[in-house]
Amino acid sequence: MKLHALARSAALVVVIGSSLAANSAFAQAKEQFFPLLSYRTGPYAPNGVPWANGKQDYLKMINARDGGINGVKITYEECETGYATDRGVECYERLKSKPGVALFDPQATGITFALTEKVVNDKVPLITLGYGLSVAQDGQAFKWNFPLMGSYWTGADILIQHLGKKEGGLDKLKGKKITLVYHDSPFGKEPIPLLQERARQLGFDLGLIPVTAPGVDQKAAWLQVRQNRPDYVLLWGWGVMNSTALKEAQATGYPRDKMYGVWWAGAEPDVKDVGEGAKGYSALALNTSGTQPKVIQDILKYVHDKGQGTGPKEEVGSVLYTRGVIIQALGVEAVRRAQERFGKGKVMTGEQVRWGLENLALDDKKLAALGLTGVIRPISTSCADHMGSTWARVETWDGTKWNVGADWYQADEQIIKPMVKVGADKYLADKKLTRREASDCQS
Amino acid sequence: MFYRENGQFKTSYRADQQILPILQDRIAMLVLLVVGFVIVPMLASDYIFRAILIPFLILSLAAVGVNILVGYCGQISLGSGAFMAVGAYAAYNFFVRIDGMPLILALVLGGVCAMLFGMVFGLPSLRVKGLYLAVATLAAQFFADWLFLRVQWFTNNSSSGSVSVNNLQVFGFSLESSAAKYWFCLLLLSVIALLAKNLVRGAVGREWMAIRDMDVAAAVIGIRPMFAKLSAFAVSSFIVGVSGGLWAFINLGAWEPAAFSVDQSFRLLFMVIIGGMGSIMGSFFGAAFIVILPIALSQILPAVTSALGFEISTASISHAELMVFGGLIVWFLIVEPHGLAKLWAIGKQKLRLWPFPH
């Protein structure tokens, strides 16, 4: 009997507690809600955690420093996806109906694909900074997707440009063997069409070696690399796959200075365990790292020094942490931009935030105000171009830290643009959809 | 008191062979159907529909399919995820390649493809059984993973390997709204579950059970093992294939092979074991357990901890989820190895004697 009473009162507490929580969420309407999809467990957690921490800390900092966006407080809730599509969809469905929901950053290519079909009906924008669907750059076909600052196509193109530069001209790549070692999922397969196009134009020999997710077992892949002796290896990995690839390369004796990773294979968790063994390995850099930028200083000052940081303090300013900060900064700026048009100090709807994302114009001055000087290039989006910037640099691991190279590369529009157009048209045709009218741009 | 069969006389074989021999059960089932079809859609929110009810219905269907093979015929399978994948990709190909293909026909054809696939991978069951067969069916899983990742034709030459569908319609009704999706899944589930229930009550089902209980004895009394085993594989894979199509089309909308990974096979097997082997009802319990418990825990744990005055991080919730889940599975298996369905049956049996148990 006693046990029953105990169970009953516990259940009561739970019910009251959860209904209170629900009520308070509804009562405070003047809040912009940022759903935070993340993964802190599973094989991709080492990379997912700093990313998620950066996203959350930036919001905390804006609330603490500025009191929100023009007075509108930011609320947030994290939802663990474990990188699994069905869990991600569940998180999306749970968080999308919260009042004042601004935008989603699914943090995984697979979840992005599933949500792309759903956001059209729910009218919530999806930002996929540096990942997601490459063809979604075409804003006239993908109204709700924002692959800001680059996609896998721009990344692959920049890597080829860099290799060309190293060889002394793109034409020198003719006859060279370039092998793509990729994560066997939509994430890893995305760059293939562009690399094939480039291989056709430049006459290099493209090899494709898939690695089964999550990428712990790569013995066979590296045996193949050893057999073929490619001139360069492009590494399209995520999470545990990256450090494993570097260890395998070390074991096979493949020179690390001929390996080039995408920007998701160029963070601290990827190389730290390998240490000296990864020396010379290069990867794309979408952003810098370190604690010098003002925005990171502000986070340290307003959040971590007050003991409210999300993760460990040492991690603040690492590559993926900074990327999380940038993603959230762009999201917050989109809300701010939307408020300029639809009313300052108001809570923006998903549709209004979409307009804000479509009209981002962050020049050097604005970036300086955000504390992002030198971290990223200026970015300006439009109705037709949902990417805003396709610049990236190449960074090299020296055994203890990443050194970002001085050269900025921009993806070759002449190659990317027609491919995006064709891909978007195919998508629209498959789905029996039509392009947006020009008049739709100001909606 | 209210639940007993005193005075309910059966005067014909027909009456004696009903699925639900007790009047109260029939009424309860009717009420359940009314609630499912009418009341729930009026009350449920978009989130409840899309995140809980629809996945629950689709996975129940899958669990019914797996239960036929594992629970009724005793052929342990770890390839259920593969059968779902075949159903999903086959339905997708029929749907996008043939103009004007109706959704239901595409799903059924997907099921048929899964059936053929299941029968091919069921062939080893004629020679090996138990754990050996489980490992043999694992081959189906790996084969499907390879097939849909590698052979571009199946994904309509999608460069990333991810495919998607939209504008789903059934007889001119759009399946965009949550309620419409829910009704569609519920209708399919009701029909297939009823057919499955009748199948396992009939001659075929008794053959399966005979094979499960002792295959040598079954062969001696004239049951053809080949027919029984392959038919179980066929029926099971068909149902699992249809559910795979629904999972992809209705629940996810866009999917990649990882959606049907070996994890999915394990989850389906857990559903059957926890829900109750050899019970159609148990499949529903198992699906509910696996679908709802993690979500419920992730909602309740933060509320509980905040009521107790401290905050729990997302990572800890997710770890706690796994621990509670594992603990409950172990507890269930020790307390009631025949699953939730057995608990349900015991409860019913007690009610029939209540308040004077003997």
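Rg/Rh, computed from the Cα trace of the stretch A:72-170 with Rh as the Kirkwood radius, has the value 1.10.
Which value, in Å², gives the accessible area per residue of the stretch B:110-221 when a 1.4 Å probe is used on the protein heavy atoms?
Heavy-atom SASA per residue in the stretch B:110-221 reads 52 Å².
Cα convex hull of the protein assembly as shown: mean projected area in nm², to one decimal? So the Cα hull casts an average projection of 37.5 nm². Among B:212-220, B:64-72, B:156-164, sorting by the average number of other beta carbon atoms lying within 10 angstrom of each residue, highest first, gives B:64-72, B:156-164, B:212-220.
For B:His338, the solvent-accessible surface with a 1.4 Å probe is about 120 Å², rounded to the nearest 10. Taking amide H as placed 1.01 Å from N in the peptide plane, A:Leu234 has its amide H under 5 Å from the amide H of A:Thr179, A:Leu180, A:Val181, A:Tyr260, each at least 5 places away in sequence or on another chain. Distance from the Cα centroid of the stretch B:157-226 to that of the stretch B:32-92 is 9 Å (rounded to whole angstrom). The long axis of helix A:152-167 is offset from the longest Cα principal axis of chain A by roughly 30 degrees. Charging the Cβ of each Asp and Glu at -1 and of each Lys and Arg at +1, and nothing else, the dipole of the stretch B:1-131 about its Cα centre rounds to 280 debye. Across the stretch A:60-73, rounded Karplus estimates of 3J(HN,Hα) from the backbone phi angles (6.51 cos²θ - 1.76 cosθ + 1.60, θ = phi - 60°) give 4, 5, 4, 5, 6, 7, 9, x, x, 9, 6, x, 8, 5 Hz, Gly and Pro being marked x.
Between the alpha-carbon centers of the stretch B:316-339 and the stretch B:120-149, tell me the distance in whole angstrom. Measuring centre to centre over Cα atoms gives 28 Å. Chain A and chain B together bury an accessible surface of about 3000 square angstrom, both sides counted, with a 1.4 Å probe and no ligands or nucleic acids included.
Taking the charge dipole of the protein assembly as shown about its Cα centre, with +1 at Lys and Arg Cβ atoms and -1 at Asp and Glu Cβ atoms, the residue from B:Gly172, A:Gly237, B:Met209 reaching farthest to the positive side is B:Met209. The phi-based Karplus calculation (6.51 cos²θ - 1.76 cosθ + 1.60; θ = phi - 60°) puts the 3J(HN,Hα) values of the stretch B:220-227 at 5, 7, x, 8, 7, x, 4, 4 Hz, whole numbers, x for Gly and Pro.
Using just its DSSP H runs of length 4 or more, each adding -39500 (n - 2.57), the protein assembly as shown gives a mean residue ellipticity at 222 nm of -17500 deg cm²/dmol after division by all residues. Over all orientations, chain A has a Cα convex hull whose mean projected area works out to 23.7 square nanometres. For the stretch A:299-423, the Cβ-based charge dipole about the Cα centre amounts to some 520 debye (Lys, Arg positive; Asp, Glu negative; other atoms uncharged). Dipole size of the protein assembly as shown about its Cα centre, with +1 on Lys/Arg Cβ and -1 on Asp/Glu Cβ: approximately 1160 debye, rounded to the nearest 20. Based on Cα contacts under 8 Å between residues 6+ apart, chain A shows a relative contact order of 19 percent. For chain A, the per residue solvent-accessible surface stands at 37 Å², with DNA, RNA and ligands left out and a 1.4 Å probe. When the other protein chains are added to the chain by itself, burial of at least 40 square angstrom of heavy-atom accessible area (probe 1.4 Å, ligands and nucleic acids ignored) affects these residues of the stretch A:417-443: A:Lys431.
For B:Leu30, the accessible surface of its heavy atoms amounts to roughly 120 Å² (probe 1.4 Å, protein chains only, rounded to the nearest 10).
If you roll a 1.4 Å probe over chain A with all protein chains in place, what percent of the accessible area is carbon or sulfur? Here carbon and sulfur together make up 54 percent of the probe-accessible area. Counting every pair of alpha carbons in the stretch B:185-339, the share spaced more than 23 Å apart comes to 53 percent. Couplings 3J(HN,Hα) for the stretch B:51-58, derived from phi with the Karplus relation 6.51 cos²θ - 1.76 cosθ + 1.60 (θ = phi - 60°), are 9, 10, 5, 5, x, 4, 4, 5 Hz, where x marks Gly and Pro.
Near the amide H of A:Met387, within less than 5 Å, lie the amide hydrogens of A:Ser382, all on another chain or at least 5 residues away, with H placed in the peptide plane.
Where the centre of each part is set by its Cα atoms, how far does the stretch A:313-330 sit from the stretch A:399-419, in angstrom? The two parts, judged by their Cα centres, are 20 Å apart. The accessible-area loss of the stretch A:76-97 on complex formation, taken against its chain alone with a 1.4 Å probe, reaches 50 Å² or more at A:Asp86, A:Arg87, A:Glu90, A:Glu93, A:Arg94. Less than 5 angstrom separates the built amide H of A:Gln308 from none of the residues sequence-distant by 5 or more or on a different chain.
The values are calculated or read from the model by the stated rules, or taken from the named source; none is laboratory data. The model shown is predicted, which means the values in this text are computed figures rather than measured ones. Ideal geometry is used to build each Cβ from the backbone, glycine not excepted, and the neighbour counts take in all protein chains shown. To get the accessible areas, we keep the full protein, side chains included, count just its heavy atoms, and leave off ligands, DNA and RNA. Shrake-Rupley method; radii C 1.70, N 1.55, O 1.52, S 1.80 Å.
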